[in-house]
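The structure appears right after this line, and notes come after that.
The values are calculated or read from the model by the stated rules, or taken from the named source; none is laboratory data. Remember, predicted model here, so these are calculated numbers, not experimental data. Cβ sites come from the backbone with ideal geometry, for glycine too, and all protein chains shown count toward neighbours.
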Number of protein chains: 4
Amino acid sequence: MAPTKKGILERLNAGEVVIGDGGFVFALEKRGYVKAGPWTPEAAAEHPEAVRQLHREFLRAGANVMQTFTFYASDDKLENRGNKLTFTGAQINEAACDLAREVANEGDALVAGGVSQTPSYLSCKSETEVKATFKKQLDVFIKKNVDFLIAEYFEHVEEAVWAVEVLKETGKPVAASLCIGPEGDMHGVSPGECAVRLVKAGAQIVGVNCHFDPLTCVKAVKMMKEAVEKAGLKAHYMVQPLAYHTPDCSCQGFIDLPEFPFGLEPRILTRWDMHKYAREAYNAGIRFIGGCCGFEPYHIRAVAEELAPERGFLPAASEKHGNWGAGLEMHTKPWVRARARRDYWENLKPASGRPLCASLSVPDGWGVTRGHADLLQQKEATTKDQLKQLFDRSKTH
Amino acid sequence: MAPTKKGILERLNAGEVVIGDGGFVFALEKRGYVKAGPWTPEAAAEHPEAVRQLHREFLRAGANVMQTFTFYASDDKLENRGNKLTFTGAQINEAACDLAREVANEGDALVAGGVSQTPSYLSCKSETEVKATFKKQLDVFIKKNVDFLIAEYFEHVEEAVWAVEVLKETGKPVAASLCIGPEGDMHGVSPGECAVRLVKAGAQIVGVNCHFDPLTCVKAVKMMKEAVEKAGLKAHYMVQPLAYHTPDCSCQGFIDLPEFPFGLEPRILTRWDMHKYAREAYNAGIRFIGGCCGFEPYHIRAVAEELAPERGFLPAASEKHGNWGAGLEMHTKPWVRARARRDYWENLKPASGRPLCASLSVPDGWGVTRGHADLLQQKEATTKDQLKQLFDRSKTH
Amino acid sequence: MAPTKKGILERLNAGEVVIGDGGFVFALEKRGYVKAGPWTPEAAAEHPEAVRQLHREFLRAGANVMQTFTFYASDDKLENRGNKLTFTGAQINEAACDLAREVANEGDALVAGGVSQTPSYLSCKSETEVKATFKKQLDVFIKKNVDFLIAEYFEHVEEAVWAVEVLKETGKPVAASLCIGPEGDMHGVSPGECAVRLVKAGAQIVGVNCHFDPLTCVKAVKMMKEAVEKAGLKAHYMVQPLAYHTPDCSCQGFIDLPEFPFGLEPRILTRWDMHKYAREAYNAGIRFIGGCCGFEPYHIRAVAEELAPERGFLPAASEKHGNWGAGLEMHTKPWVRARARRDYWENLKPASGRPLCASLSVPDGWGVTRGHADLLQQKEATTKDQLKQLFDRSKTH
Amino acid sequence: MAPTKKGILERLNAGEVVIGDGGFVFALEKRGYVKAGPWTPEAAAEHPEAVRQLHREFLRAGANVMQTFTFYASDDKLENRGNKLTFTGAQINEAACDLAREVANEGDALVAGGVSQTPSYLSCKSETEVKATFKKQLDVFIKKNVDFLIAEYFEHVEEAVWAVEVLKETGKPVAASLCIGPEGDMHGVSPGECAVRLVKAGAQIVGVNCHFDPLTCVKAVKMMKEAVEKAGLKAHYMVQPLAYHTPDCSCQGFIDLPEFPFGLEPRILTRWDMHKYAREAYNAGIRFIGGCCGFEPYHIRAVAEELAPERGFLPAASEKHGNWGAGLEMHTKPWVRARARRDYWENLKPASGRPLCASLSVPDGWGVTRGHADLLQQKEATTKDQLKQLFDRSKTH
C-alpha cells in the first residue's frame, strides 16, 4: 500500500463507501483466458496483459479493491482440476499479487488476498488439516504484503470461522464473506447466527458474496447486521453478489440453476438494476459494495455512479458514460435521443426476445453438502460411467 | 499483410471459412472506453492497450479479420457528436490501423478498413458530396495499407452503391454489407435487389451486418445469394449480425427496440445460440462469418468451434474451453458435471429470472428515413426543448 | 323464422351488424355434456336443458344467430367416434333444431344449420360421394326449416365449394366459412382465391372460423374481401374465430399447438381483447361477427358492447355488466374502484401467474393433409400399438 | 336433507372425501347473470333456470355440497351496492335455498347456507351489532332447513369467531373458512392461531377459501391443521381456493392483482393443475375439498376424477370425459391422438400466446384493513371526485 493510502478499516471507520471489483473467472472465461469447470487462475502468469487489463477496467469503473487473481484453494484443489499447467501455483499466485498491486498503484485502490472453501472440508478432513491448508495459502499474501485479507465463498460457517482464525494471526484486517442467502448456510445456520460467529472469531467485516442476485444478497447481509447489533457486537458489512437475476434459486444458489454456467445470459443485470442494488445496499448500512460472477466493468461503474453523491466524485470511466443515459442526447436517431432520461431506464422492463423460454427455472436442488459421497473430490476428470450415473440421477429429479 | 498470408479473396475463392471479429463499440462501452450516444473510437489513441487487448481476444477466439477501430464517418460526424476530443481524427484513425495491424501480425488475420453511412446522405446532400466524404476517409487506409475494405452499416442501398464505387477505385478487394433484414432497405428495396446492385457496382463480397439477430441476418443473406445467382452474377457472402435476439424488430432493427442500447442484456445470445448461427450461415453458403454489436470474444470462439471440422483446427482460446461444455467434467459439484454434454446445452431453454418482464417488446417504429427533418444532423447536443418534443411524440406512439 | 324477423341477407344488405354465437362443443365440454375427442352433440337429446341454457346465454349476450348443435358430419363420422349413443343421429339433430328455434324465438335471432368437412373427403372419396354426404345432412334442416345454412370448418376449399353447391340447391341463403388463416388452405390456396371460388359457387357470405385467434382471422377475411372485390364480385363477410391467442400457430391452426385441447387456458382472450376484435372486424367491413371454440357468453357480450353504437342498443346481458368495468365503482375495495375506467383495462397486459411457462409454443406441425395415410378414418379407438407409433413419431418432431 | 343422506359430519367422521362446488358469482358473471362490482345474487329469483343449471353442472361434476346462492351479507350490504332490484332480499334468499335443495335432491349432495364478512365489521361497529347482522341472515337458512352452515370469506379471524358463535346457536354443524394465505389474517394472526380460535369457538370444520391459488391455500390449511393438533384439539379441514394461479399475491390475495377481476384469464388453472391440487389437499389430510372463484364444473370434475380411487366412483360428468385425456384416442388427427396419455398432460407447461405479457404482476398492495377510512362503506356509487382521488393515489403506488 502506498504510504498515503488509507487502509480498509480506516475507510470504513470513517464512513466511506468502498467499492469492490467484479468477478474475474467469469469475465476472463468470456475473454478466453479461464476454463469453465476447473476455473483456475493460471492466466495471471500465462496472459498477464489480459488480467492487468481487467484490473484496470475495474479500477477505472470505480473499484477501491483489487482482489488478487490467485488460486483460492490449496494444492489439493490445484491437483484435482485435471488442467495441465506450465506454471507452479506459487508462480501464478505471485504474478497475480504483482498485477493487482501494479494496477492498485495506478489509483486509489487496495490489494486484497483471499482464501476460500476447501475440498478438504467437504471431504470431512479435520480442523487441523483444513487450517493447515489456509496457512499455506497465506505465504504468498504475506510475502507480497497485501493490504487486507478476505475469507470468501464459504458455504459452511464452521469452515469460515476456521479460516478467520487463521487469517487473524497475520495481523492484517480480515473480511469474511459467505456464499449464502437468507436461508442461511448449508447446515441451515441463519445469516444472523453466521455473522455473529464470524465477528466473534475476529472478522472486522462480514457479509456475503456470489450465489445470489444483488437484492437477495443485500437481504441476507441485513439479517447479518441485525443479529450482530442485537448481540451487542460491532462490524462492518460487505456484499459482492452475482450480476444475474436468481429469484428461482434454492439455498445452494445459482450453481443449481439449469442455466449454470453457460446459459445465464438472459439473467444478466442491466446497469440500471445495479443502480437499484447500490442504493439498497447503501441504505442497508453496507459500505463495502462490490460484485462477483457476472459483473463486468460497466456494472461496477453503475454502482459508483449511483453512489457518486455519497462519495463525492465520479469514477474515471464515467467520462465515457452519461448519467442515466445522458449520452444518448447525441445519438443520431431522434427517438433514441428521447431515451436520454432517468425515468425511461428506471421503469423499463426489458424483454428477453425469447418467447420460447420461461421466466423462471426449476433448480436442480440436489441438496448435498459436507460429507456426501458425491462431493468427495477426485483428481481425475469424471469418467464416462460416472457421468452416466449422474445423468440418470438428474433425470429422476 | 505479411507476404505469406493469403488475401481475403484468395481465401474465399478457395472455399475457406473466414471468421470476422465482434463489435468494438458495444464491447468497449462495457469496458469503459467508448461513450454510448456518440459511439466514437477515440480510445484507439487514448487507451490503446484496451483496444489492442480486445483485438487480441478476438484473434485468440478465431477471427481472421481485424477491422480497424476507426471513425466510420467523416469530419461532419466527428464534429457533431459533442464529444470533446484531445486527438484529431487522423491521429485516432492512424492509431487504430496500427493496432489492428499489430495484432493481425500475431496470427492469421487480415486488416480491414471500413466506411459507413454518412450524415450527409441522410441530410440529402448530393452524390458528389457524399462520395467526397468517402474518399477522404480512404486516405488513412491507403496510407496504412489495409488488406481490404468494407462498406458496412448502410440502411440505404443507394448510398452503399456510391460507397462501393469509391472503394473500388483503390484496387483493394471490396466487401459491402447493409444493416437490413429480410424486409429490405429503408426504401423497401429487397435484400436480393440490393445485393445485385452492389455486385454490379463492383463489390466482391456482399451481405448484412448489425441491426438483427443471427438467424434473421442469415435469412436476409440467403435472399441476397438467391437473387445474385438468379441474375447470373458471382459473389462471396458475409454476415455479421447482432448478438441479441430480435424477433420483435421491425424493419429498422434493434435501434427501435425500447431496450436499445442500455437494456439489451436479456437478449444476449448464449454460446450455444452461436453454434446454431454458425452452422446455419455455413449451410446457407456464407463463408465470411463474423459478428457485430453484442459479440464478445466467447461468441466468436463458439463460431470457430462449430466450424472447426470445416476449418480443420480450433482457435487458440479453445485451450480454455471444453467442447460443448466438456470442461464441466472437472466441476466440483456432481450435478454440474452432469451438464458436460452437447444435448444438455443444445436443448436448454434458458430462463430470464425476470418474471415481471415480457418476452417481446413493441418497437418504437418511428419509421423515418432519408430526408426526414428529424434526421437532419446537428452539432449541438439535443436541447431540453427538443427532448421534450421528442418525448411528447414518443408517448403518442 | 317469425314472420316479422328480417332474414340474414336482408340484415346484411341493410348494413346491419349480425352477431354470431360462440362455440358449443368447447363450452359444453367444460360444463360436462360433451366429450373431448369425439366432440359429438348428443347432449341436444340427452341433456336439452344444458343446450337450451347455453343458447339462451348467447342470445342474452347479443347473438342474432343460433347455430343448431347438430352432428356436423355424416353417418360415417357418427360411426367412427366410438361413443356409445342411446339416440339416433336423426333424433339428436331434430332435438337440436328445436332447441335453437325455441330460444331464437325468445329474441331477435335466426336459426342456422351447418355442414362441415367430412372424413370422406380426407379419405379421398369422390365428389359424388362427398356431395351425397352433405345432401343427407340437409334433410333435417329442411324439415325443421332453418333460416339459413352455413358450410363451415373446411380446411380445403375444394370440399367447401362442393358443399356450397349442394347447399345452394335448397334455395336458402348460404354462408361459407373456412378454418384457415392468412396462409390459405391446406393445399396453399390463398384466402383471396378461396373466397373467389366460394362466391362463384354461390355463397352469399364468405369468411373464416375456428383455428386461429380473432386478429389473425380478421386478417384472413380482409384478404378474402380484397380478392373478391378485385374480381368484381359481391359478397358479405363473416368471421367466427377462436377465443384463444394463437400467434405461434402454423397453417393448421390451434390443433397443432401442444396445448390443444386441454391446456389452452392461459391463451383465453379477455373481454377487452374482444372489444378490440369487434372493432377490427367492423373496420375491416365484416358484418357477421361471431365466435367459435373458447367463446363464452361474456365474450359475445363484449362484441355486442363494442358495437352497441353501431347497432343502437346494448344486449340484454349488459344489464349485468358495466361499460368498460363501470360496475367496479360499486366494489367494496377502493383500489378496485379505481379500475372502473376504460384506459385501465385497455392497456392492461395481463400476467399469466405461470413463471415456469413460456409465452409461445412450438406447434407440432405434422403438416399432413388430404390423402395422407395417417388421416384415413377408422371406426375403432386408436390401439395401443398405433398410439405407441404416434408417440415415437411425435418425439422426433 | 333426504332421510337417507348422511350429514356433513357423519361423512367426515367416516373419513369420506366431500367435494364442494365452485364459485357462483364468477361463473354466473361470465354467463351474464351477475354484475361484477356489486356481485349480488338476484339471479336466484330473476333467472332461476341459470342458477339451477349451474348447481346441476357442479352436481354432475361430483360436488357433494350445494352452497345456497344467497346474499352473503346483510341488509346494509344489499343497500349499499347501488343495484336496483325488483326482488327483496328475502325473496332472493328463499329462492336460492329452494334451488340448492332441488338440485341436491337429484343426487348425493347436502345444502349449505353461508354467512360472510360484513361491512359493519370493517366500519368498526360493535360485536353486538355485527352479531345481530349474522343472526338476521340465519332466518332463511333455518326456515329452509339447510343441512349445515359455513362462515366463509373472512379476512379477520375476530369477526369469523363472532360468526361461528352465532352459527353454533342453531345447533347445525358449522364450518369456518377464512380468505387468508400462509401469512395469516389482515392483522397478521397466523393461520394456525386463527384455526385454534375458530375451533375453540365451536367450528367443527376449519379451512380457507378464495383469495389464493390451490397450492397456496392447501399450504395455509396445513398450517392450520398442525396448530390445531399441537393444541390438542380436533377438527375437520376444508379448502375452497381460486382457480387462478396467484404466485405474485401479497397477503390480501387476488383482489390486489392488477388483473382483478376482468383480466384473470391467463391465470386460469387447467384440469391437470386441479388433479395436482386434489392430490395435495388429500395428502395434507383435508377431506372437504372444493372451489371458489374461477372454478368451472370441469375443474370440480377433475378433483373428483383424481380422488375417484379414494371415493370409489367417478362423477356423472365423467361419462363425457376420458381419464387423463383418453377421449383423444378418438380424435381425427393422429398427432392429437398421441396426446391421449397422462404423462403428456402432467408435464405440459402451457404457453400463454401472449409474448407481450409478463409472467407475474406487482400487486397493488394498498394494505388497508379494518377501520381504514377508505373502507367505510357508502350506499352511493363512487363519485367522479372520489374516483379521481383513488386514481391519483394508485399512480403513486
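May I ask you to verify whether C:Ala203 is without any contact (Cβ under 8 Å) to a residue 60 or more places away in the chain and of a type outside the set (D, E, K, R)? Yes: the conditions hold for C:Ala203. The number of residues in the stretch D:39-58 that are at the interface with chain C (Cβ under 10 Å from one of its Cβ atoms) and under 17 Å from the mean Cα position of the chain (by Cα) comes to 5.
The residue list A:Asp139, A:Asp147 contains one member that is within 27 Å of A:Leu99 (Cα to Cα) and modelled with pLDDT under 95, which is A:Asp139. Condition first: of a type outside the set (A, V, I, L, M, F, W, C), under 21 Å from C:Glu10 (Cβ atoms) and not in a helix (DSSP H, G or I). Now tell me which residues in the stretch C:158-206 satisfy that. Passing the criteria: C:Thr170, C:Gly171, C:Lys172, C:Pro173, C:Ser177, C:Gly202, C:Gln204.
If the condition is being without any contact (Cβ under 8 Å) to a residue 60 or more places away in the chain and in contact with a strand residue (DSSP E or B) (Cβ under 7 Å, 6 or more places away or on another chain), then the stretch D:135-160 contributes D:Leu149, D:Ala151, D:Phe154, D:Val157, D:Ala160. Considering each residue of the stretch A:225-246 in turn, none proves to be within 14 Å of chain B (Cβ to nearest Cβ), farther than 14 Å from A:His211 by Cα and part of a loop (DSSP other than H, G, I, E, B).
With respect to D:Arg354, determine if the residue is at pLDDT below 95, more than 25 Å from D:Pro241 (Cα to Cα) and in a loop (DSSP other than H, G, I, E, B).
no
Is it the case that some residue within the stretch C:258-268 is of a type outside the set (Ser, Thr, Tyr), on the phi > 0 side of the Ramachandran plot and not in a helix (DSSP H, G or I)? No: the stretch C:258-268 contains no residue that is of a type outside the set (Ser, Thr, Tyr), on the phi > 0 side of the Ramachandran plot and not in a helix (DSSP H, G or I).
Please go through the stretch A:150-197 and give me each residue that is among the acidic types (Asp, Glu) and farther than 30 Å from A:Glu102 by Cβ, ordered by number.
Of everything in the stretch A:150-197, those that are among the acidic types (Asp, Glu) and farther than 30 Å from A:Glu102 by Cβ turn out to be A:Glu155, A:Glu158, A:Glu159, A:Glu165, A:Glu183, A:Asp185, A:Glu193.
Considering the conditions (1) out of contact with any His (no Cβ under 7 Å at 6 or more places or on another chain); (2) in contact (Cβ under 8 Å) with a residue 12 or more places away in the chain; (3) within 14 Å of chain C (Cβ to nearest Cβ), D:Glu265 is excluded by exactly one of them, (2).
Mind checking whether some residue in the stretch A:5-25 is within 12 Å of chain B (Cβ to nearest Cβ), at pLDDT 95 or above and under 24 Å from A:His321 (Cβ atoms)? Yes, because at least one residue in the stretch A:5-25 is within 12 Å of chain B (Cβ to nearest Cβ), at pLDDT 95 or above and under 24 Å from A:His321 (Cβ atoms). Is it the case that A:Val218 is in contact with a Lys or Arg (Cβ under 6 Å, 6 or more places away or on another chain) and either among the aromatic types (Phe, Trp, Tyr) or surrounded by 21 or more Cβ atoms within 10 Å (Cβ to Cβ) (or both)? For A:Val218, the condition - in contact with a Lys or Arg (Cβ under 6 Å, 6 or more places away or on another chain) and either among the aromatic types (Phe, Trp, Tyr) or surrounded by 21 or more Cβ atoms within 10 Å (Cβ to Cβ) (or both) - is not met. Filtered by the rule that a residue be closer than 21 Å to A:Ala61 by Cβ, of a type outside the set (D, E, K, R) and outside any loop (DSSP other than H, G, I, E, B), the stretch B:1-44 gives B:Phe24, B:Val25, B:Phe26, B:Ala27, B:Leu28, B:Ala43, B:Ala44. Of the residues making up the stretch A:107-129, just one is among the hydrophobic types (A, V, I, L, M, F, W, C) and more than 22 Å from the chain's Cα centre (by Cα), namely A:Cys124. Only one of the numbered conditions (1) of a type in the set (D, E, K, R); (2) under 16 Å from D:Ala160 (Cβ atoms); (3) crowded, with 20+ Cβ neighbours inside 10 Å is not met by D:Arg287, and that is (2).
Residues that are at negative phi and touching a Pro at 6+ places or on another chain (Cβ under 7 Å) do occur in the stretch C:126-148. Those helices (runs of 4 or more DSSP H) of the stretch B:83-150 in which at least 1 residues are hydrophobic (A, V, I, L, M, F, W, C) and within 14 Å of chain A (Cβ to nearest Cβ), considering only elements entirely within it, cover B:89-104, B:119-122. Scanning the stretch B:168-200 for residues that are within 20 Å of B:Asp147 (Cα to Cα) and surrounded by fewer than 24 Cβ atoms within 10 Å (Cβ to Cβ) yields B:Lys168, B:Glu169, B:Thr170, B:Gly171, B:Lys172, B:Pro173, B:Val199. Within the stretch C:297-349, how many residues are facing chain D (nearest Cβ under 7 Å), in a helix (DSSP H, G or I) and within 25 Å of the chain's Cα centre (by Cα)? Selection size over the stretch C:297-349: 4.
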